1. For the stretch 269-309, how many residues meet the condition of being surrounded by 14 or more Cβ atoms within 10 Å (Cβ to Cβ), acidic (Asp, Glu) and in contact with a strand residue (DSSP E or B) (Cβ under 6 Å, 6 or more places away or on another chain)?
2. Can you name every residue in the stretch 1-27 that is surrounded by fewer than 16 Cβ atoms within 10 Å (Cβ to Cβ), modelled with pLDDT of 90 or more and of a type in the set (A, V, I, L, M)?
3. Restricting the search to the stretch 194-224, which residues are among the hydrophobic types (A, V, I, L, M, F, W, C) and surrounded by fewer than 17 Cβ atoms within 10 Å (Cβ to Cβ)?
4. What are the residues in the stretch 236-290 that are under 25 Å from SER139 (Cα atoms) and among the small types (Gly, Ala, Ser), if any?
5. From the list LEU39, LEU8, which one is assigned to a helix (DSSP H, G or I) and closer than 24 Å to ALA162 by Cα?
Amino acid sequence: MRTETDALMLSAGMALFLGVTGLVLSVITGSQVILLDGLFNLIYSVMAFLSVRVARLLAMPDNEKYPFGHAYFESLVNAAKGLLILGISLLALGDSVLVLLSGGREIVAGLAILYSVIATTSSIMTFVLLRRARRHTTSPLVEADFANWWINTVISASVLLAFCLIPLAEAVGFSVITPYVDPLMVATVVVLFCLSTPFRMASDAIKELLNRAPPKHVRQPVHDVVEAVVGEWGAQDFSLRMVRPGRTLYLLVHVVLPAASDNGTLGQQDRIRTDLDGRLRRIVPSLVLDVVFTADPRWAAPTNGHEPA
């Protein structure tokens, strides 16, 4: 599995399989934790198939309809994934609390254990295959799926262990706890595994959609390269603006040249652009670079879009 599309299709197909299986067996067993897992996977499969479409859009150049390309679709999909998972998790948590307060819920343990074995095995297999795929792609979409299947693996293994406690408790005459196993597992799984990761995924993606600058570990190496290049070419000053929706870094550099600079010709300015682009692409896999040259510092100053005084 060496391509982004292959990895995303694997994730989508496996999520669809577990989603349908979980919904069917949740009806038979009466288990809310299986219902939660089924809904989680079914919705994720829809978003995963959408990710495949977005991955194909990202390979296309900009056009009249999307003059700045399609990179923001990647952030949009990851934000939707995170918010959907978070919403389902909070609803499941509220339901489990109500069930615990009302005396618990009986479930069919045998089929529940069978589903947990299938889910755990499938999640481990998908997680391992996606880990291999990460060696061949730097896709944030694959990274999001990889994080999702790590959560799925931990949840499925935990649920399997809990369901195995039901026949054990009945065998030792402690069946009074069995109605509480399922809702307690839902609450535990949601609190420990289903809140922090989707919240972080949605939060990061929303920041990208709002054009917030990427984190410092991304910004600093880019700033260092730009500073070194424009300094070597005798620039007086520069300003740097960058955003990174998904995997694509959009970089706008204003270079302030001395009024009597030898770099005033178009050919010389293009050589500076070529030098800057070449060095940046050593550290940035996907880059859209605009370099603007000026002798007036006000054209490089921060702006709110209104005409300067």
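The values are calculated or read from the model by the stated rules, or taken from the named source; none is laboratory data. If you're wondering where the values come from, they're calculated on a predicted model, not measured in any experiment. No Cβ is skipped: glycine too gets one built from the backbone with ideal geometry, and neighbour counts run over all protein chains shown.
1. Total satisfying the criteria: 1.
2. The answer is VAL20, VAL24.
3. Selection gives LEU195, PHE199, ILE206, LEU209, LEU210, ALA213, VAL218.
4. Matches in the stretch 236-290: GLY246, GLY278, SER286.
5. Just a single option satisfies the conditions, and that option is LEU39.
Listed here are the residues, each with its yes/no results for (1) closer than 17 Å to PRO140 by Cα; (2) touching a residue at least 24 places away in the same chain (Cβ under 8 Å).
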{"position": "GLY30", "(1), (2)": "no, yes"}
{"position": "ILE43", "(1), (2)": "no, yes"}
{"position": "ALA48", "(1), (2)": "yes, yes"}
{"position": "GLY94", "(1), (2)": "no, no"}
{"position": "VAL99", "(1), (2)": "no, yes"}
